[in-house]
1. What about PHE132, is it assigned to a loop (DSSP other than H, G, I, E, B), without any contact (Cβ under 8 Å) to a residue 40 or more places away in the chain and closer than 30 Å to MET8 by Cα?
2. For the range 10-44, give me the residue count where each residue is of a type in the set (A, V, I, L, M), farther than 19 Å from LEU118 by Cβ and modelled with pLDDT of 95 or more.
3. Looking for whichever is small (Gly, Ala, Ser), on the phi > 0 side of the Ramachandran plot and surrounded by 12 or more Cβ atoms within 10 Å (Cβ to Cβ) here; the options are GLY48, GLY135. Which one fits?
4. Here's a check for you: in the range 67-106, which residue that is touching a strand residue (DSSP E or B) at 6+ places or on another chain (Cβ under 6 Å) and β-branched (Val, Ile, Thr) is surrounded by the most Cβ atoms within 10 Å (Cβ to Cβ)?
5. Wholly within the range 1-110, which helices (runs of 4 or more DSSP H) include no fewer than the required count, namely at least 1 residues that are closer than 16 Å to GLY135 by Cβ?
6. Where residues in the range 32-43 are surrounded by 11 or more Cβ atoms within 10 Å (Cβ to Cβ) and over 13 Å from THR136 (Cα atoms), which of them is nearest to the chain's Cα centre (by Cα)?
7. All but one of (1) open to solvent by 50 Å² or more (accessible area, probe 1.4 Å); (2) of a type in the set (Ser, Thr, Tyr); (3) touching a residue at least 60 places away in the same chain (Cβ under 8 Å) hold for TYR64, so report the exception by its number.
Amino acid sequence: MHVIMSQMLVQILLPGMKQANFGRIINVISIGVKQPIDNLGVSNTIRGAMNSWAKTMAAEVAQYGVTVNNLLPGQTDTERLRSLISNIALREGKSEEQVEQEMIAKIPLGRLGNPKELAYAAGFLASDRAAFITGTNIPIDGGFLRGL
């Protein structure tokens, strides 16, 4: 549904962006695009499809002043992450605090992300200052991803 809904939204909004010769498409995907997340096979696959769609769209709409970029949040302190932590704790017979600390130990900045940090990156990409940035993935992950 993620890819289909994104395409439907673009079909609705792109005519206005073309007319204005300006637009910003910002997808919030996941670090799973760059490094698959254990036990989230379907999610990893969908995120990969979104990444491919965004890269294709970036080339197709650039001539209209429209940019397309992906934000890749890592472990961000949200209800979804809390649910994942609970499920992992239950499955592995650990406390939620222990699971959270194990996650944090893998993040060089030593903490979970704050949703506002993702919003700040989105705000930048939506601005005129990001006019020459398109077709890219920006991890918001505290240094978690090890690849280049």
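1. Judged against the criteria, PHE132 is a match.
2. Total satisfying the criteria: 6.
3. GLY135
4. VAL68
5. Those helices (runs of 4 or more DSSP H) span 2-20, 41-61.
6. Looking at the filtered set, the residue picked out is GLY32.
7. TYR64 satisfies all of (1) open to solvent by 50 Å² or more (accessible area, probe 1.4 Å); (2) of a type in the set (Ser, Thr, Tyr); (3) touching a residue at least 60 places away in the same chain (Cβ under 8 Å) except (3).
The values are calculated or read from the model by the stated rules, or taken from the named source; none is laboratory data. Values in this document were obtained by computation on a predicted structure and should not be read as measured data. FYI the Cβ positions are ideal-geometry reconstructions off the backbone, even for glycines, and counts take in every protein chain you see. Accessible surface areas use protein heavy atoms only, side chains included; no ligands, DNA or RNA. Shrake-Rupley method; radii C 1.70, N 1.55, O 1.52, S 1.80 Å.
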